[in-house]
Amino acid sequence: MKEKINYSVLSYSLLTFLFFSANFIANGQISEGIYVDTLENTTSKRIHQVKLHGDYFIYTAYENDPANFIKTVGGFAKIEKTDDTTLLVVSLEFNSNYEQDSIRQLSIPVKMVGDKLQLNWFEELTLEPKQSKTQDLDGEWLFATRGPDTGQERRGEESSRKTLKFLKDGTFQWIAYDTESFRFSGTGGGSYSSKDGVYTEHIEFFSKDNSRVGASLNFNYKLNGNDWQHTGNNSKGEPMHEIWSKRE
């Protein structure tokens with residue numbers, strides 16, 4: 001896997017995941033995209049969201065009105081089949097509830113029902129796909145360094161400490177975590193737009209501070225090869241310059 005430092009293991013794992021990922025999409029078993037199931041009761045609206053891109057899976061649950069972050073998990077996924085069940089097996093990179101449940105791998109019965117994704121997990125979820133939308137910053141990005149770029153050391157796949165940004169179909173999520181200790185440092189997400197050098201985030205969940213939900217943040221962006229130059233003011237109003245590297 002991309003994460004491993006042992007390069008013999010890395011090569012084997014990468015080939016394994018590429019094999020399963022190719023079958024994942026090519027055989028029409030599971031379609032890439034953002035899937036959402038919203039469950040309402042008298043006191044809250046709970047959103048279950050699944051993000052799938054290539055061999056990567058993220059599940060997030062949160063509530064709005066009032067805002068309340070619940071959990072997120074994510075990692076590299078593959079399909080395993082038994083006689084009567086298709087399993088989505090996920091080797092987790094992060095788990096916001098790790099201190100409580102110590103879970104590092106998921107095995108979730110999964111199937112497509114038309115264009116809907118059905119997971120028979122802690123409860124049965126039937127998630128509907130969001131409309132596909134292509135934008136400049138789509139993809140998976142890892143925080144590399146603070147700018148400007150003067151040749152300083154970068155944080156990459158070889159580091160267990162990571163901050164990932166996942167952007168697809170107008171939906172974004174960042175997650176800060178450590179793949180060795182499984183320490184979870186935080187996450188936030190919602191909808192976004194990126195056009196003509198302007199990147200805007202609309203926050204729908206934030207693990208550290210539910211009061212931030214509903215805020216919109218505007219930034220500037222510039223793409224330089226596999227680098228995303230991310231500039232503007234942070235949530236505290238302070239100038240920032242971050243460099244994110246495309247996760248291939």
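The values are calculated or read from the model by the stated rules, or taken from the named source; none is laboratory data. Just so you know, these numbers come straight off a predicted model, no measurement behind them. Every residue, glycine among them, receives a Cβ derived from its backbone with ideal geometry; neighbour counts consider all protein chains shown.
General remarks:
- For N218, the criteria (1) part of a loop (DSSP other than H, G, I, E, B); (2) touching an Asp or Glu at 6+ places or on another chain (Cβ under 9 Å); (3) surrounded by fewer than 13 Cβ atoms within 10 Å (Cβ to Cβ) hold in every case but one, which is (1).
- Which listed residue is farther than 27 Å from K71 by Cα, without any contact (Cβ under 8 Å) to a residue 60 or more places away in the chain and touching a Pro at 6+ places or on another chain (Cβ under 9 Å), from N233, N224, N220: N233
- Only listed residue being outside the structural domain of V90 (by TED's automatic domain parsing) and more than 18 Å from the chain's Cα centre (by Cα), chosen from G232, G170: G232
- Positions within the stretch 149-189 being over 16 Å from V73 (Cα atoms), surrounded by 14 or more Cβ atoms within 10 Å (Cβ to Cβ) and among the small types (G, A, S), in sequence order: G156, S159, S160, G170
- Taking the criterion of being modelled with pLDDT of 95 or more, closer than 21 Å to I70 by Cα and of a type in the set (G, A, S), the residues of the stretch 182-213 that qualify are S185, G186, G188, G189, G190, S191, S207.
- Residue check, S132 of a type in the set (S, T, Y), surrounded by fewer than 18 Cβ atoms within 10 Å (Cβ to Cβ) and under 30 Å from T82 (Cβ atoms): no
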